[in-house]
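Right, one structure below, let's go through it.
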Amino acid sequence: MNCKLCSALFQEFLEDSLSEELIVEVQDHIRTCSKCRVSLRTYTLTVTLSRKVDPPCCVSPETLDRLKKIIRERLLKTNGVPV
Amino acid sequence: MGKKINKQADADLVRDLKQGDPAAMEEIVKRYSNKVYNLAYHLTRDAHAAEEIMQDVFLTVIAKIGTLTTEAYFSTWLYRVTTNAAYGYLRKEKKFSEQTPVEDIDQEQYLDYDWSTLPDDVLLSEESKEVLRESIDSLPEAMRTVVVLKDVEGLKNEEIAETLGISVPAVKSRLHRGRLILRQLLSEYFSKYTEPSGEEK
Ligand SMILES: [Zn+2]
């Protein structure tokens, strides 16, 4: 396996969707190639850190109240269900 | 298992909402308002726009819920409605494509630099989170949406493909390119922890 193919497989490697053979090939390559070893580590960590990005959070209570009011009115208008 | 129960519950809510049940709508808002808001915010980078979009999205839910034939797919459908609303806003405001041109990023520059060995308090600092957030925001729309849906919000590739109306391979390719850019931007940022700064030395 060469470096180009190896790095192209990182995504599938992380998703665990590679065939048994390819996993072994990637692992073998990484053992001997420090560039790809580092590259896989930083790629993986990039994904891990993205998961930890805090959501902008959150909808303010006022906005939520306004939304609920609008929704109640809209529901009332569309199907005449009293709320 | 837990997921299945959740899905079931969503489907029940949708069925009730189709009958015009206000309690079902209230529960849907409770369950999804932050998710819709967050996604809209990530896509528009504008808190006020995100609030407006959220409102539009839930009104669209009321108006269009009858067209959703498979109730269990509600959350995917909701993401799609949200994404479309956000795109609509961006188009209207002409805010499309003022991001880092992808070609400008030198992918080779930091490949040897292993910042994964930095201590957690550096990797997870508020500053580094802010850098990552800004980096995600700077991605071209097509990549940003996929990265946000996948790596921030945790959707599956298939769900994202469905949400955006693109193929799974297209999702994967955008995701991979987006991650490479983020990795590059993070490498640049973290490089200050190993390299002497400025002209000194
Ligand atoms: Zn290699």
Quick one: in region B:46-59, which of the residues that are surrounded by fewer than 23 Cβ atoms within 10 Å (Cβ to Cβ) and more than 9 Å from every other protein chain (Cβ to nearest Cβ) is farthest from B:E26 (Cα to Cα)? B:D46
Based on what the data block shows, is B:K94 open to solvent by 20 Å² or more (accessible area, probe 1.4 Å), at pLDDT below 85 and over 19 Å from B:V152 (Cα atoms)? yes
Need a quick list: helices (runs of 4 or more DSSP H) entirely within region B:117-201 having at least 3 residues that are of a type in the set (S, T, Y). B:126-138, B:168-190
Any chance A:S60 is among the polar types (S, T, N, Q), more than 16 Å from the ligand (Cβ to nearest atom) and open to solvent by less than 80 Å² (accessible area, probe 1.4 Å): yes
(1) surrounded by fewer than 16 Cβ atoms within 10 Å (Cβ to Cβ); (2) in a helix (DSSP H, G or I); (3) within 9 Å of chain B (Cβ to nearest Cβ) all hold for A:D65 apart from (3)
Look through A:L14, A:L18, A:L40, A:L49 and report the one residue that is outside any helix (DSSP H, G or I) and among the aliphatic types (A, V, I, L, M). A:L18
How many of the residues making up region A:1-36 are within 22 Å of the chain's Cα centre (by Cα), near the ligand (Cβ under 9 Å from one of its atoms) and open to solvent by 20 Å² or more (accessible area, probe 1.4 Å)? 1
Only one residue in A:K77, A:K52, A:K35 is basic (K, R) and closer than 25 Å to B:A49 by Cβ, so which one is that? A:K52
Flagged in region B:60-74 as open to solvent by 30 Å² or more (accessible area, probe 1.4 Å) and touching an Asp or Glu at 6+ places or on another chain (Cβ under 9 Å), in numbering order, are B:E71, B:A72, B:Y73
For A:L45, are the conditions met, namely being away from the ligand (no atom under 11 Å from the Cβ), more than 9 Å from every other protein chain (Cβ to nearest Cβ) and touching a helix residue (DSSP H, G or I) at 6+ places or on another chain (Cβ under 6 Å)? no
Of the numbered conditions (1) assigned to a helix (DSSP H, G or I); (2) more than 15 Å from the ligand (Cβ to nearest atom); (3) modelled with pLDDT under 95, A:P55 fails exactly one; give the number of that condition. (1)
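The values are calculated or read from the model by the stated rules, or taken from the named source; none is laboratory data. Being a predicted model, the structure only gives us computed values, none of them experimental. Every residue, glycine among them, receives a Cβ derived from its backbone with ideal geometry; neighbour counts consider all protein chains shown. Quick note on the areas: whole protein, heavy atoms, side chains included, nothing else; ligands and nucleic acids left out. Shrake-Rupley method; radii C 1.70, N 1.55, O 1.52, S 1.80 Å.
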